[in-house]
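Undergrad: Sharing a structure, written as structure tokens. Questions coming.
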Amino acid sequence: MPGISLKGQQMPESPIRKLVPFAEDAKKRGIKVYHLNIGQPDIETPQAALKAVKENDIKVLSYARSEGSETYRKKLSHYYKQNHIDVTEKDIIVTTGGSEALLFTLGSITDFGDEIIIPEPFYANYNGFSVANGIKVVPIVSSIDDDFALPPIEEFEKLISKKTKAILICNPGNPTGYLYSKDELKKLKELVLKHDLFLIADEVYREFVYEGIEHHSIMSLDGLEEHAIIIDSVSKRYSMCGARIGCIVSKNKALIQTALKYAQARLSSPTYALLASEAALETPPEYFQKVIEEYDERRLVLIEALSKIKGLKVSRPKGAFYCIAELPVKDADDFAQWMLEKFNDKGETVMVAPASGFYSTPGSGKNQIRIAYVLNKESLLRSVELLKLALEQYSN
């Protein structure tokens, strides 16, 4: 039988999706499953985006431009200027989701065997994308004890080698909800300039920040014009995960020209999704005010409830809509599967994402889970109640 590629064998499973078959089996048995495992918001998509798809006069559903239409990119550049990011449409490549934006970026700046430094825990697919590109992830561990703050910059410098091409951060962070301060970003800026590296920031949760703290983009810092790359997406901002539209933003012309070749190779992003994404840019500020208020209330309700569970430790997120909880169990993967297979209370259970898949250091995060607070407050409280009952019944 023909063999499967080594990189295919090394491709990690998604900690977010790998337990789906067990959840589906539970539902077939009549069990209600509360999904805290995936960042799929229950917030309604802006009506303007849906209307753009429903009400149009397209007669032929043709290819879009590989880099995205000029009108959409111009509107995107206006959105970025409103967020203190001074770019033009020429600095933007539209992609099929933020995932493709990251794939194109890594393909454009790295060769086989190159290294990227990433604070962990990090978005699980960073592992997969790196394997697909033959890149070695060099993790730098952050700790739940200080809510996953940026490790000392000296620790970053120790990890830089001749093969290091970039530092990658998620700001605000998935899965931690950590929000980088301007001072922390300035330290990273100095480091990448000193060692001539790229600084990649996944900023798809830019709008979702709390406690009166301001989000600072890496592209709002002077001097990073040739080094800064933003990964972005409409998925979370407008609750449009299914649209699969994202983008690469950078003032580095060589990077944009190279990423465009990748975009041309896959032809174009989906036309209807582009229509919806362009219309979504007209979303009024009131929409975000209400959404952010709702997520903030959920965040506070969730953290307070989790904090009352004996033996559980939880980080306090300042952004996005995730948190990491450390459980009084040895193996969170086994516990998460057990909750779907063996546990229920009054016909209900809860699905979480084991956090080990958000690390690349072997053995890390084994007793941690990621929780996405994308359900209403009543459902979140019931989910925590179920988690508490499950922990009481579970035996390592």
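Undergrad: Out of all the residues in the stretch 386-396, which are open to solvent by 10 Å² or more (accessible area, probe 1.4 Å) and in contact (Cβ under 8 Å) with a residue 60 or more places away in the chain? Please lay out each step first, then the result.
TA: So the first thing to find is which residues in the stretch 386-396 are open to solvent by 10 Å² or more (accessible area, probe 1.4 Å), and the list is 388-389, 391-396.
Residues satisfying the conditions are Lys388, Leu391, Tyr394, Asn396.
Undergrad: Residues of the stretch 1-18 being among the aliphatic types (A, V, I, L, M) and either over 19 Å from the mean Cα position of the chain (by Cα) or open to solvent by 70 Å² or more (accessible area, probe 1.4 Å) (or both), which ones?
TA: Answer for the stretch 1-18, where residues must be among the aliphatic types (A, V, I, L, M) and either over 19 Å from the mean Cα position of the chain (by Cα) or open to solvent by 70 Å² or more (accessible area, probe 1.4 Å) (or both): Met1, Ile4, Leu6, Met11.
Undergrad: Among the helices (runs of 4 or more DSSP H) contained in the stretch 20-82, which hold 3 or more residues that are within 26 Å of the chain's Cα centre (by Cα) and aliphatic (A, V, I, L, M)?
TA: Once the helices (runs of 4 or more DSSP H) in the stretch 20-82 are filtered for at least 3 residues that are within 26 Å of the chain's Cα centre (by Cα) and aliphatic (A, V, I, L, M), what remains is 47-54.
Undergrad: If you don't mind, there's one more thing I want to ask. Enumerate the pairs (first residue in the stretch 156-180 and open to solvent by 10 Å² or more (accessible area, probe 1.4 Å); second residue anywhere and charged (D, E, K, R) and assigned to a loop (DSSP other than H, G, I, E, B)) with beta-carbon separation below 7 Å, excluding pairs fewer than 6 apart on the same chain, so at least 6 apart or on different chains.
TA: Lys163/Asp114; Lys165/Asp114; Tyr178/Asp147; Tyr178/Lys318; Leu179/Lys318
Undergrad: Starting from the stretch 193-207, take each residue that is more than 12 Å from Ile169 (Cβ to Cβ) and list its partners that are surrounded by fewer than 19 Cβ atoms within 10 Å (Cβ to Cβ), counting only C-beta distances under 6 angstrom and pairs at least six apart or across chains.
TA: His195/Ile160; Glu207/Phe288
Undergrad: Are any residues in the stretch 271-286 touching a helix residue (DSSP H, G or I) at 6+ places or on another chain (Cβ under 8 Å) and either of a type outside the set (Val, Ile, Thr) or without any contact (Cβ under 8 Å) to a residue 24 or more places away in the chain (or both), and if so, which ones?
TA: Selection gives Tyr272, Ala273, Leu274, Leu275, Ala276, Ser277, Glu278, Ala279, Ala280, Leu281, Glu282.
Undergrad: Now for a different question. Taking Ile230, is it touching a residue at least 24 places away in the same chain (Cβ under 8 Å), farther than 30 Å from Ala279 by Cβ and touching an Asp or Glu at 6+ places or on another chain (Cβ under 8 Å)?
TA: no
Undergrad: Another question, if that's okay. Tally the residues that are open to solvent by 80 Å² or more (accessible area, probe 1.4 Å) and either touching a Leu at 6+ places or on another chain (Cβ under 9 Å) or under 18 Å from Pro284 (Cβ atoms) (or both), restricting the search to the stretch 33-64.
TA: 4
Undergrad: Being open to solvent by less than 10 Å² (accessible area, probe 1.4 Å), assigned to a helix (DSSP H, G or I) and in contact (Cβ under 8 Å) with a residue 60 or more places away in the chain is the filter here; which residues of the stretch 336-376 pass it?
TA: Ala336, Leu340, Ala355, Phe358
Yes/no per residue for (1) within 24 Å of Ser239 (Cβ to Cβ); (2) modelled with pLDDT of 95 or more; (3) hydroxyl-bearing (Ser, Thr, Tyr); (4) touching a Lys or Arg at 6+ places or on another chain (Cβ under 6 Å):
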site	(1), (2), (3), (4)
Arg29	no, yes, no, no
Ala49	yes, yes, no, no
Gly68	yes, yes, no, no
Tyr72	yes, yes, yes, no
Val87	no, yes, no, no
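Undergrad: Quick check on the stretch 162-172. Is at least one of its residues at pLDDT below 95 and touching an Asp or Glu at 6+ places or on another chain (Cβ under 6 Å)?
TA: Checked the stretch 162-172: no residue is at pLDDT below 95 and touching an Asp or Glu at 6+ places or on another chain (Cβ under 6 Å).
Undergrad: Then there is this: Restricted to the stretch 309-323, and to residues that are in contact with a helix residue (DSSP H, G or I) (Cβ under 8 Å, 6 or more places away or on another chain) and of a type in the set (Lys, Arg), which residue is nearest to Val204 (Cα to Cα)?
TA: Result: Arg316.
Undergrad: Can you name the condition, by its number, that Ser130 falls short on among (1) open to solvent by 20 Å² or more (accessible area, probe 1.4 Å); (2) more than 16 Å from Glu203 (Cβ to Cβ); (3) not charged (D, E, K, R)?
TA: For Ser130, the failing item is (1).
The values are calculated or read from the model by the stated rules, or taken from the named source; none is laboratory data. Keep in mind that what you see is a predicted model, and the values were worked out from it rather than measured. Note that each Cβ is placed from the backbone with ideal geometry, even for glycine, and that neighbours are counted across all protein chains shown. All accessible areas refer to the heavy atoms of the entire protein, side chains included, with ligands and DNA or RNA removed. Shrake-Rupley method; radii C 1.70, N 1.55, O 1.52, S 1.80 Å.
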